[in-house]
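The values are calculated or read from the model by the stated rules, or taken from the named source; none is laboratory data. What you are looking at is a predicted structure, and each value in this text was computed from that prediction instead of being measured. Neighbour counts are summed over all protein chains in view; Cβ atoms, including those assigned to glycine, are modelled from backbone coordinates with ideal geometry. Calculation scope for accessible area: heavy atoms of the full protein, side chains included, ligands and nucleic acids excluded. Shrake-Rupley method; radii C 1.70, N 1.55, O 1.52, S 1.80 Å.
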Amino acid sequence: GESVGLHLPTLSVQEGDNSIINCAYSNSASDYFIWYKQESGKGPQFIIDIRSNMDKRQGQRVTVLLNKTVKHLSLQIAATQPGDSAVYFCAEISSDSGTYKYIFGTGTRLKVLA
Amino acid sequence: DTGVSQNPRHKITKRGQNVTFRCDPISEHNRLYWYRQTLGQGPEFLTYFQNEAQLEKSRLLSDRFSAERPKGSFSTLEIQRTEQGDSAMYLCASSLGQGRANSPLHFGNGTRLTVT
């Protein structure tokens, strides 16, 4: 399949280590945020979301942290596995802006080293 | 599989030809989106439907692009007089939303367009 994101920032981590992927979002009015994982040749796959009334949300092996003060979002993956290798995107949307479009960041490629 | 389905997966066409892509969203989802993605970039918003109504279009969507969702179910995206710059992955996504409440977009695997 075709590679996604040939020139993206890349994070390389050892298998079993924790990964932290960061995202700076653009709109201070954004109140809903989503992390997606995209593997080569596939569409983005939902991982976890968070609303602006929360600072932290946990899923299975993943945690999302939201810092509204500095407009920063992070995705933490515990015990990174080879199957986690992919490009990760954050997306934001504001419920009160009158627009329905989710805005995506440029993405980070995660490489898991055996 | 009850996810979002897109057809075709790949389309190669010559410059100047018209192409049409189809998206079948998750059946109970009332919202449908088209995005475009080029290498090294995140998805870029093209247009949005709530049921059969097209409520928003990006300025990226030139008059050569048209999208429909005739019965509030499947959608088509047509590009007329294709140009090499139209080469990209075209992604469709759907979600279930009420009022201003937002929910995750569920994406299909896209249609890869190559204009030669």
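Values computed for the structure shown
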quantity	calculated
Subset of the range B:77-105 (residues that are farther than 19 Å from B:Gln54 by Cβ and either among the hydroxyl-bearing types (Ser, Thr, Tyr) or touching a strand residue (DSSP E or B) at 6+ places or on another chain (Cβ under 6 Å) (or both))	B:Thr82, B:Gln84, B:Asp86, B:Ser87, B:Ala88, B:Met89, B:Ser103, B:Pro104
From B:Arg64, B:Arg81, residue being modelled with pLDDT of 95 or more, on the phi > 0 side of the Ramachandran plot, surrounded by fewer than 14 Cβ atoms within 10 Å (Cβ to Cβ) and not aliphatic (A, V, I, L, M)	B:Arg81
Test for A:Tyr25: is it of a type in the set (Ser, Thr, Tyr), within 27 Å of B:Thr111 (Cβ to Cβ) and touching a Cys at 6+ places or on another chain (Cβ under 9 Å)	no
B:Arg36 vs. criteria open to solvent by 70 Å² or more (accessible area, probe 1.4 Å) and in a strand (DSSP E or B)	no
Single match in B:Pro70, B:Pro8 (criterion: farther than 25 Å from A:Ser97 by Cβ, more than 13 Å from every other protein chain (Cβ to nearest Cβ) and out of contact with any strand residue (DSSP E or B) (no Cβ under 7 Å at 6 or more places or on another chain))	B:Pro70
Of all residues making up the range A:86-103, the number that are open to solvent by 20 Å² or more (accessible area, probe 1.4 Å) and in contact (Cβ under 8 Å) with a residue 40 or more places away in the chain	4
When residues of the range A:36-75 are limited to those that are within 14 Å of another protein chain (Cβ to nearest Cβ) and open to solvent by 80 Å² or more (accessible area, probe 1.4 Å), the one nearest to the chain's Cα centre (by Cα)	A:Gln45
